Amino acid sequence: LVASLEQVEQTYIMVKPDGVQRGLVGEIISRFERKGFKLTGLKLFQCPKELAEEHYKDLKTKSFYPTLIDYITSGPVVCMVWEGVGVVASARKLIGSTNPLQAEPGTIRGDLAVQTGRNVVHGSDSPENGKRETGTLNGTLFGLRSLSLNHGKKK
Ligand code: RTP
């Protein structure tokens, strides 16, 4: 066994405003539950502009950045922490390609979305960003740390 493959990770999954407005929260949660990952944090949240800018700071120079910030702040999002072995990469597979028209059927975006600018869900792209976005590394980006529970685990 390779130790790094056995490492329990956390990823930040966010149902974007279009997903919440379209009533897809239950469907998205279901897919992660059925896969076998553990939900350790959850909240409905209206993202302030400053936080959206921090979350997407790597995309600041892109032409779509202002549209992206408007989109992500256009209504409430559902912020979640999911935990499990390999959850970061697996969640990206479950979500599918950024452009929903290129996402495989069977993925969230492949089954439920059409436009890149309305692609329903976000997932951390690396274990490092999983830590950053769930607030376990540098603070509390989405304030989820305090919501993160250790249910199912004995001390
Ligand atoms: P996410 O961060 O939301 O999981 O998406 P991602 O890694 O698949 O894609 P990324 O390149 O990080 O882009 C972040 C989000 O920006 C919007 N976007 N719009 N050409 C466009 O109009 C465009 N490209 C990206 C999408 O909402 C994308 O998920």
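The values are calculated or read from the model by the stated rules, or taken from the named source; none is laboratory data. No experiment lies behind these values; they were computed from the predicted model shown. For neighbour counting, all protein chains shown are included, and Cβ atoms are generated from backbone atoms with ideal geometry for every residue, glycine included.
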| task | Inspect all residues belonging to the range 55-62 and state whether any of them is without any contact (Cβ under 8 Å) to a residue 40 or more places away in the chain, within 13 Å of the ligand (Cβ to nearest atom), under 21 Å from E9 (Cβ atoms) and out of contact with any helix residue (DSSP H, G or I) (no Cβ under 6 Å at 6 or more places or on another chain). | result | yes
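Any idea how many residues of the range 112-125 are surrounded by fewer than 19 Cβ atoms within 10 Å (Cβ to Cβ) and within 10 Å of the ligand (Cβ to nearest atom)? Walk me through it before giving the result.
The first filter runs over the range 112-125 and keeps only residues surrounded by fewer than 19 Cβ atoms within 10 Å (Cβ to Cβ), leaving 114-118, 125.
Cutting the leftovers down to within 10 Å of the ligand (Cβ to nearest atom) gives us 115-118, 125.
Going through the range 112-125 one residue at a time, the tally reaches 5.
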| message | Condition (residue is more than 19 Å from N129 (Cα to Cα), more than 16 Å from the ligand (Cβ to nearest atom) and modelled with pLDDT under 95) applied to the range 25-36: is it met by at least one residue? | response | no
| Which ones in the range 80-116 are more than 23 Å from K131 (Cβ to Cβ) and β-branched (V, I, T)? | T107, V114, T116
| message | For a quick check of your reading of the model, give me the residue pairs whose first member lies in the range 118-136 and is closer than 15 Å to A89 by Cβ, whose second is in a loop (DSSP other than H, G, I, E, B) and away from the ligand (no atom under 14 Å from the Cβ), with beta-carbon atoms closer than 6 Å and at least 6 apart or on different chains. | response | K131/L137
| Filtering the range 81-111 down to residues that are away from the ligand (no atom under 13 Å from the Cβ) and in contact (Cβ under 8 Å) with a residue 24 or more places away in the chain, which residue is surrounded by the fewest Cβ atoms within 10 Å (Cβ to Cβ)? | V85
| task | Test A91 against the criterion of being touching a Phe, Trp or Tyr at 6+ places or on another chain (Cβ under 7 Å) and on the phi < 0 side of the Ramachandran plot, and give yes or no. | result | yes
